[in-house]
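Inspection log for the structure reproduced underneath, given as structure tokens.
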Amino acid sequence: MSFLDKFKAGVAEAGNKAKNVVEINRLKMQNNSMQNEMAGQYEAIGRIVFESMEEGSWPVSKEQVSTHAVRIQELQLAIEQNLLHIANINDSKTCKSCGATNNIEAKFCNHCGHTYEVKHNSTVEYETDVKEELEEGGHSLPDHTNRKGE
């Protein structure tokens, strides 16, 4: 590899890293904005509760706070999605127990020792159309319906 090729590769890598940093900062700014909006929603709920106590109409009806609660849930979901996107860009994952960031390959959290869940799907289900197509094409699937001992 010539000097210019190495230089071009280095510039391309630096460009990719810069792009990642910009994307991460954009997502973090979105999260801060959404957290501020959530604080406003919580404040609105608090205001409704306080005013109902002042008026003597306690407890507050669900209808009075439901729009704020739904918006808070939407914002929480959006923040979580942004955090997952940031972790994906960084090739890391976040511990659900303590919130620490760990390498994507880690099986345990470096901070609290929490075990990361590994999901295995050991069953394979075939749709009847796929099974028929395979058999028509000269391929056969093992028949597991007549096993001995079951």
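Readers should treat all values here as calculations from the given coordinates under stated rules, not as data from a laboratory. Quick caveat: nothing in here was measured; it's all calculated off a predicted structure. A quick note on method: Cβ atoms are made from the backbone with ideal geometry, for glycine too, and the neighbour counts reach across all protein chains shown.
Within 10 Å, count the other beta carbons around each residue, average over each peptide in 4-10, 98-104, and list them highest first. It would help to have the intermediate numbers written out before the result.
On the way: 4-10: 10.0, 98-104: 13.3.
The most tightly packed comes first, giving 98-104, 4-10.
Report the percentage of all Cα-Cα pairs in segment 20-72 whose separation exceeds 13 Å, rounded to a whole percent.
Values: 885 of 1378 pairs.
Cα-Cα pairs of segment 20-72 separated by over 13 Å account for 64 percent.
Give me the percent of Cα-Cα pairs in segment 3-136 that sit more than 25 Å apart, rounded to a whole number.
60 percent
If you average the C-alpha positions of segment 43-117 and of segment 1-32 separately, how far apart do those two centres end up, in angstrom?
Here the answer is 30 Å between Cα centres.
Treating only the Cα positions of segment 57-122 as identical point scatterers, give the base-10 log of I(q)/I(0) from the Debye formula at each q in 0.12, 0.13, 0.20, 0.22 Å⁻¹.
Normalising to I(0) and taking log10 leaves -0.50, -0.55, -0.84, -0.93.
Below 23 Å Cα-Cα, how many Lys pairs turn up in segment 3-136? Only count pairs eight or more apart in sequence, or on different chains, if you could.
Lysine pairs meeting the criterion: 15.
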